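A short write-up of the structure that comes next.
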Amino acid sequence: MFDVLIVGGGVSGISCALVLGSAKNKAFVTDKKIGIFTHQKSSSLQEAVFYNAYGITPGKLGSELLTESTQDLAMTYPHITQIANEKVIKIEGAYPEFTVTTNKNSYKTKNIIIGIGSANTFDIEGLMQYVEPHKKALPEKQRIQLKNEDHKVTNGIYVIGTLAGWRSQLAIAAGSGAAVATDILTLWNNGVQTHAHDSIR
């Protein structure tokens, strides 16, 4: 049983995993099992190049960033389980016990974070009732989002990145993933507001 499973290995998903990973030494996180589906085939980063993203060398290709980010996550926070080459097709159950079914396996988790982009090809069974037109995308792009309030779709299910209704911008997606990570940390800390960051002190 996972305590949280992140669906999507793009900017928002990896950002969420990094923040959760960085909290590993907090007492309320040490026993938590965290996983991420790092499926990246349809990520918009595959065709991106960055000149306006904070902390990223100008001219960096999104495809390079995708590869490097999963490698960095594995090296820095190896306690986070990376599940590669599996596509989520169904979510069943209710908080605190969901079953996540992929094209290869099934997994149990208490919380789910969805961050797989806003293409209208979205087809995860069990979440289709939350789909609505994207409120910040041009209508002709036919983008979608999941209905949510401050990233929360329903108890135990969160959405991040463009699928949460944000515009397609790396810094926005990263911030969205980090925001939900701190919400999860707060949940694990019995509702006491918390966050995690690293320091040289």
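The values are calculated or read from the model by the stated rules, or taken from the named source; none is laboratory data. Keep in mind it's a predicted model, so treat the numbers as computed, not measured. Every residue, glycine among them, receives a Cβ derived from its backbone with ideal geometry; neighbour counts consider all protein chains shown. All accessible areas refer to the heavy atoms of the entire protein, side chains included, with ligands and DNA or RNA removed. Shrake-Rupley method; radii C 1.70, N 1.55, O 1.52, S 1.80 Å.
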Carbon and sulfur atoms account, in whole percent of the 1.4 Å probe accessible area of the stretch 70-201, for 49
Once the in-chain neighbours fewer than 8 apart are removed, the aspartates and glutamates whose Cα is under 17 Å from residue 87 read 123, 125
Summing +1 per Lys or Arg and -1 per Asp or Glu among the other residues with Cβ less than 9 Å from residue 32's Cβ gives 0
Mean separation of Cα contacts under 8 Å (at least 6 apart) over the residue count of the chain, i.e. the relative contact order in percent, is 25
Partner lysines whose C-alpha sits under 22 Å from that of residue 135, ignoring same-chain residues fewer than 8 away, are 147, 152
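Pairs 26/60; 24/108; 110/136; 41/108; 26/104; 60/104: which are spaced more than 28 Å apart, C-alpha to C-alpha?
26/60; 110/136; 26/104; 60/104
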Counting only protein heavy atoms and rolling a 1.4 Å probe, one gets per residue an accessible area for the stretch 36-77 in Å² of 64
The answer for the stretch 129-201, accessible area per residue at 1.4 Å probe in Å², is 60
For residue 152 the rounded accessible area (nearest 10 Å², probe 1.4 Å, non-protein molecules ignored) is 80
Simple spin-label estimate for residue 54/residue 103, 7 Å along Cα→Cβ, in nm, reads 3.7
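Which three semi-axes in whole Å describe the equivalent ellipsoid of the stretch 35-113, each the square root of 5 times a Cα gyration tensor eigenvalue, listed largest first?
Value: 29, 14, 12 Å, ordered largest first.
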Lys and Arg at +1, Asp and Glu at -1: neighbours of residue 3 with Cβ under 14 Å from its Cβ sum to +3
Once Lys and Arg are counted +1 and Asp and Glu -1 for all other residues with Cβ under 13 Å from that of residue 164, the total becomes +2
